[in-house]
Amino acid sequence: MSTAPATHAPGLTLHGGMIPDGTEPLVDPKYSMRDVTEDVLKPMFTLPPLLWHVAFGFAQLCLAIGGVAIAIQMYRGLGILGINNPVGWGIYITNFVFWVGIGHAGTLISAILFLFRQKWRTAINRSAEAMTIFAVQCAGLFPLLHVGRTWKAYWLIPYPNDRFLWVNFRSPLLWDVFAVTTYVTVSAIFWYTGMIPDLATARDHAKKRLRSLSRSPLKLQKGVLHLQRFAYGTLSMGWKGSVRDWAHYERAYAQFAWLATPLVLSVHSVVSFDFAVSLIPGWHTTIFPPYFVAGAIFSGFGMVITLLVPMRRFLRLEHYITMNHLDLCNKVILFTSMIVGYAYLMEFFVAWYSEAQYERAQFWYRICGPHAWAFWTMFTCNVVIPQVFWSRRIRRNLLVMFIISLFVNVGMWFERFNIFVLSLERDFLPANWSYFVPTPFDVAVTVASFGLFFTLFLGFCRVLPTLAMAEVKSVLHNPNAGGTDRGFEIVRWPSGPGGDGHARDEKEVAAHGAAS
Amino acid sequence: MALLPKKGLVAFFNDPDDLVHAAAQAREEGFKNLDAYTPYPIHGIEEVMGIGRSWIPKAALAALIAGATLGFTLQYWTHVMDWPINIGGKPLNAWPAFMVIVFESGVLLAALTNFFGMFIACRLLPNAFVQTLDDDLTNDRFALVIPAKTEEMQQEAANLVQRMGADEIRVLGK
């Protein structure tokens, strides 16, 4: 970001000037700050369409079915699930790791891309972070259910108690408790911090609407607006947007990015320790931490596409979440798909190269055992299908990318299924071997987690600002469209024709100014 | 939320460039304790207005170290001092195994300090009926607040902001 010198060279505007070489700005220059406010707040201040009600109702139905299944499981115990000896970790743990992985894209977009000054993240970070938080909530459900006696799950927390026992800090399972709870806490407060100025915008918008309705007889509408003003006013904590506050706010925000970056890389590493630190063939490998992190980012971006493609259409945010955003997300999917593919092949190579008998047997079992269909589903969805994203036309085709993102979600679910279930099915003693079959209860609780996720996300779309308005305003080409072009800082797309795609630094700006 | 001065002038702008130029000019002409309200963070305005760096990163760093120390102390104390149990022949002070929680507790405490530090620094409290200067300051308007006690100073400030393109001027504390 260019900083403004206190004195300006003649002919040079504050934010660094001239339009360089026809590269595309992030947001179409014809949109002003007022447009951003109105477009983003519109879903919050209007009634949702029928289609939203249908989707929300369906999500709640899924949640209700799973709720019944969970209640039955609480009553009857874990025996109603497919898990048994030797497969003690089945669908629940698969779902846990699947949902934790989904969360990673949100933090990657909000923290890592922030540190790399990737300004295009501003249009998608809010919804991606929301996805993170909801996904981690779904993830948290599964270990709590999997412990069987969920009402005793608080035993995982180390506190002085009258059982006179401490938790075992040397166990990876406990590391996981700390990693996931820290992750969800930090993601949630990071998300909320980013939202405070936007909630203040919503509060002031409600105030304005109330004033314009002051003489109208629409009592219900006024009541709702009063409620909204109260809710957004409370949540925005009296934010006024003083530059002194912005100075603290921005430092805190950047600080969050610095903290969240190692955190997001650590969470899935720690999750992978649950497996890698054990001695089961197929689990006991050092490649797991980076392999899990890459897979998590891959699946997370898959879910980002699954959510953003409909969201931008139904909330009419196509001008802010543009094809360029989706194109870049698809490039990330392509890249991480190749990392994941490399990890799959490397596992096979190491199994062969190590000459470890059980390790080799495990990997033969994966590709040609009775569960080989699960392996090949994973391989096709995660490694083969995303290769079509080499084509720019496909990366920019909404329908195709949506379908591919569904394949990615399915593939990544099966990746976890492969790692956990297939490794456990064939352990050291042939007498133990089995073929895992999930029960309807496994399926119902899985469906419930999707119901929970979509209930939360659909709710988010209607009650909170889905775009980081304050951030989008700071990358607008022309903050007051319609007037003369004030030469506001143009934030261009990375890798556009001719240019590095970043805001130029002061020296370059000065050089430009001198040249003109 | 920064507090408004008792006496002074509020100038509204539609353009962030005008605001920054006006703030720079006002500071050059000797006005002190300027403040501005903007819908989004304008980079570089802190330097123009002479606002120092935030103390939040220092607090967060201290919390990071404190959290990490606390995390290690908890694990060492429970495993080595309070209730030593031999699990699988591992050493009681298995410090490499403790590192994950050292990291997590450090990050957690730093992030919480960062969060609540921002609340303290910006004086944020749940306040549904906060009074703002204008409803559009969180939308598309910019305001410069110039504290000015005497009438001459107010006149001088008014001339200045008018010259710099303000589209509305209000006097505080008449």
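Right, A:A231: closer than 22 Å to A:S269 by Cα and among the hydrophobic types (A, V, I, L, M, F, W, C) or not? If you could, list the steps in order and put the result at the bottom.
On the way: closer than 22 Å to A:S269 by Cα: no; among the hydrophobic types (A, V, I, L, M, F, W, C): yes.
Considered against the rule, which asks whether it is closer than 22 Å to A:S269 by Cα and among the hydrophobic types (A, V, I, L, M, F, W, C), A:A231 comes out as no.
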**Prompt:** What is the one condition in (1) aromatic (F, W, Y); (2) at pLDDT 90 or above; (3) under 23 Å from the mean Cα position of the chain (by Cα) that A:Y353 does not satisfy?
**Reply:** (3)
**Asked** Do you know which residues across segment B:36-45 are within 14 Å of B:V145 (Cα to Cα) and open to solvent by 10 Å² or more (accessible area, probe 1.4 Å)?
**Response** none
**Item:** Matching residues in segment B:88-111 - criterion: being more than 7 Å from chain A (Cβ to nearest Cβ) and of a type in the set (A, V, I, L, M, F, W, C)
**Value:** B:L92, B:W95, B:M99, B:V102, B:L109
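Is there a residue in segment B:157-164 that is buried (at least 17 other Cβ atoms within 10 Å of the Cβ), in a helix (DSSP H, G or I) and within 13 Å of chain A (Cβ to nearest Cβ)? It would help to see each step written out before you state the result.
Going through segment B:157-164, the residues buried (at least 17 other Cβ atoms within 10 Å of the Cβ) turn out to be B:157-158, B:160-161, B:164.
From what is left, the residues that are in a helix (DSSP H, G or I) are B:157-158, B:160-161.
The next check asks that each one be within 13 Å of chain A (Cβ to nearest Cβ); those that pass are none.
No, every residue in segment B:157-164 fails to be buried (at least 17 other Cβ atoms within 10 Å of the Cβ), in a helix (DSSP H, G or I) and within 13 Å of chain A (Cβ to nearest Cβ).
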**Message:** B:I85 - would you say it is over 26 Å from A:S278 (Cα atoms) and not basic (K, R)?
**Reply:** no
**Asked** Is it the case that A:V264 is of a type in the set (V, I, T) and touching a residue at least 60 places away in the same chain (Cβ under 8 Å)?
**Response** yes
**Request:** For segment A:210-225, enumerate the residues that are within 14 Å of chain B (Cβ to nearest Cβ), more than 17 Å from A:T46 (Cβ to Cβ) and assigned to a helix (DSSP H, G or I).
**Result:** A:R211
**Fill in**
Of the listed residues (A:G233, A:G194), the one being more than 11 Å from chain B (Cβ to nearest Cβ), surrounded by 15 or more Cβ atoms within 10 Å (Cβ to Cβ) and part of a helix (DSSP H, G or I) is A:G194
**Fill in**
Scanning segment B:44-61 for residues that are more than 7 Å from chain A (Cβ to nearest Cβ) and modelled with pLDDT under 80, the one farthest from B:F119 (Cα to Cα) turns out to be B:G50
**Request:** Of the conditions (1) facing chain A (nearest Cβ under 7 Å); (2) open to solvent by less than 60 Å² (accessible area, probe 1.4 Å); (3) modelled with pLDDT of 80 or more; (4) more than 26 Å from B:G52 (Cβ to Cβ), B:A128 clears all except one; give me its number.
**Result:** (3)
**Prompt:** In segment B:131-154, how many residues are more than 8 Å from every other protein chain (Cβ to nearest Cβ) and over 27 Å from B:E28 (Cα atoms)?
**Reply:** 1
**Request:** Run down A:S187, A:S171 and say which single residue is hydroxyl-bearing (S, T, Y) and more than 9 Å from chain B (Cβ to nearest Cβ).
**Result:** A:S187
**Request:** Collect the residues in segment A:240-289 that are facing chain B (nearest Cβ under 8 Å), polar (S, T, N, Q) and open to solvent by less than 30 Å² (accessible area, probe 1.4 Å), keeping them in residue-number order.
**Result:** A:S242, A:S266
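The values are calculated or read from the model by the stated rules, or taken from the named source; none is laboratory data. No experiment lies behind these values; they were computed from the predicted model shown. Positions of Cβ are generated from backbone atoms using ideal geometry, with glycine treated the same way; all protein chains shown enter the neighbour counts. Note: accessible area is taken over every heavy atom of the protein model, side chains too, but ligands, DNA and RNA are not part of it. Shrake-Rupley method; radii C 1.70, N 1.55, O 1.52, S 1.80 Å.
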